[in-house]
Amino acid sequence: MKNFIPSHLQIETVNRQCNARCPMCTIKFVPDHEAVAEDIESHTGWSRPAEIMPLERFGKIIDKMKKYAREIKYISLHGCGEPLLDKSLAEKVRYARMAGFRNVGFTSNCSALTPATSERLLSAGLTCLIPSIDGFTAETHEKIRPRTDFEQIVDNVNQFIAIRNRLGSVCKLVVRMVRQQDNQAEWPDYRAYWESRLDASKGDQCVGFEIHNTGGKVENYENKRLTKDAESTAAFLSESRMPPVAPEELYRMNFVPESDHVCIEQGDLERVFLCPDLFSRLSIFASGRIALCSADQAEYHPIGNILDFDDPADAFNSEVFNGYRTRWMARNVGNDKNCFNCTVAVSRFHKHAKT
């Protein structure tokens, strides 16, 4: 198997700290849980410590990864926590942009998106903000995202748009609803409201992201999911329309000239249904250690710390990653406990603005 370079780099800046307590979230936030507690999902048996990534560590990771700045199309500065709780977030955005990365953004509940914070982020070179707003009414949004103030969040996002336009920033907004049973009836009004405020010429979008089960860990998922989009990965792959993917077909998608590397974007993976987390996204925890995927909140496997690899691409081509890729290409994930019941990939491939 050829070496893969991630087209999407996700760096977790905040771990296990958030102002919201969403029922669909499976993260064990402090102070509700101990800073370090037992966690059966982790290969160590213990949770990852709650922390905010220091700016110095972030800089070292960016310096390590910048040799692949041409291939990495996106950097996302989020993970298992609320990014705006990181007071150095704007400095991290600026550092990544100055290192040559073209697109740097994050998703947020936008509770702490004050005008001053918006201006700092935009001046630092932020290129994408994904506000997570899960209803057209306060009642619905605040049921799905408890401890947040719907009216304040909507006002914060509208102010961000105004500041962006005043500064002439290229930053795009992707306003996102995690669609589920409690809010699906509000989608048409939600979409109409936000599309009237967004600017398509800047790349703005309003999207519906079907709720997923975070690798089978979301409680009461049966009463949250949208039935038509709730197929598990194993069930989806077992269908006749999902034949195995030959390595040669995969490599042709995005072979990097003058190298032995392949760099694939999510859109290409959608066409053959391969998990983008395994083939295109490298996720790095706040500690610098490496996650298998976005459903991996506890460090399933001891892949290592990105700063300990001479070439960061070696981390993305470890035995663990290549083993999962081989099984996905063969459509044989029935024995992978982290994949067979997961709906993350199915949900991602249904993430678009639909009626």
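From 122, 167, grab the single residue that is of a type in the set (A, V, I, L, M) and surrounded by fewer than 19 Cβ atoms within 10 Å (Cβ to Cβ).
167
Quick test for you: out of 125, 168, pick the one residue that is on the phi > 0 side of the Ramachandran plot and more than 21 Å from the chain's Cα centre (by Cα).
168
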Restricting attention to region 31-52, and to residues there that are of a type in the set (Ser, Thr, Tyr) and surrounded by 16 or more Cβ atoms within 10 Å (Cβ to Cβ), which single residue is farthest from residue 248 (Cα to Cα)?
47
Counting just the residues of region 263-303 that are aliphatic (A, V, I, L, M) and part of a helix (DSSP H, G or I), which one comes out modelled with the highest pLDDT?
278
Looking only at region 193-223, count every residue that is modelled with pLDDT under 95, more than 20 Å from residue 338 (Cβ to Cβ) and assigned to a loop (DSSP other than H, G, I, E, B) and tell me the total.
1
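Taking the conditions exactly as written (in contact with a Pro (Cβ under 6 Å, 6 or more places away or on another chain) and crowded, with 16+ Cβ neighbours inside 10 Å), does residue 207 satisfy them or not?
For residue 207, the condition - in contact with a Pro (Cβ under 6 Å, 6 or more places away or on another chain) and crowded, with 16+ Cβ neighbours inside 10 Å - is not met.
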Tell me, yes or no, whether region 10-30 has at least one residue that is under 30 Å from residue 252 (Cα atoms), at pLDDT 95 or above and crowded, with 20+ Cβ neighbours inside 10 Å.
yes
When you check residue 81 against the structure, is it touching a residue at least 24 places away in the same chain (Cβ under 8 Å) and touching a strand residue (DSSP E or B) at 6+ places or on another chain (Cβ under 9 Å), yes or no?
yes
With the requirement that a residue be within 22 Å of residue 333 (Cα to Cα) and either surrounded by 15 or more Cβ atoms within 10 Å (Cβ to Cβ) or modelled with pLDDT of 75 or more (or both), what does region 226-237 give you?
229, 230, 231, 232, 233, 234, 235, 236, 237
Is there a residue being among the aromatic types (Phe, Trp, Tyr) and under 21 Å from residue 75 (Cβ atoms) anywhere in region 284-304?
yes
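The values are calculated or read from the model by the stated rules, or taken from the named source; none is laboratory data. Here the structure is a predicted model, which is why all the values come from computation and not from measurement. Every residue, glycine as well, gets a Cβ built from its backbone with ideal geometry; the counts of neighbours run over all protein chains shown.
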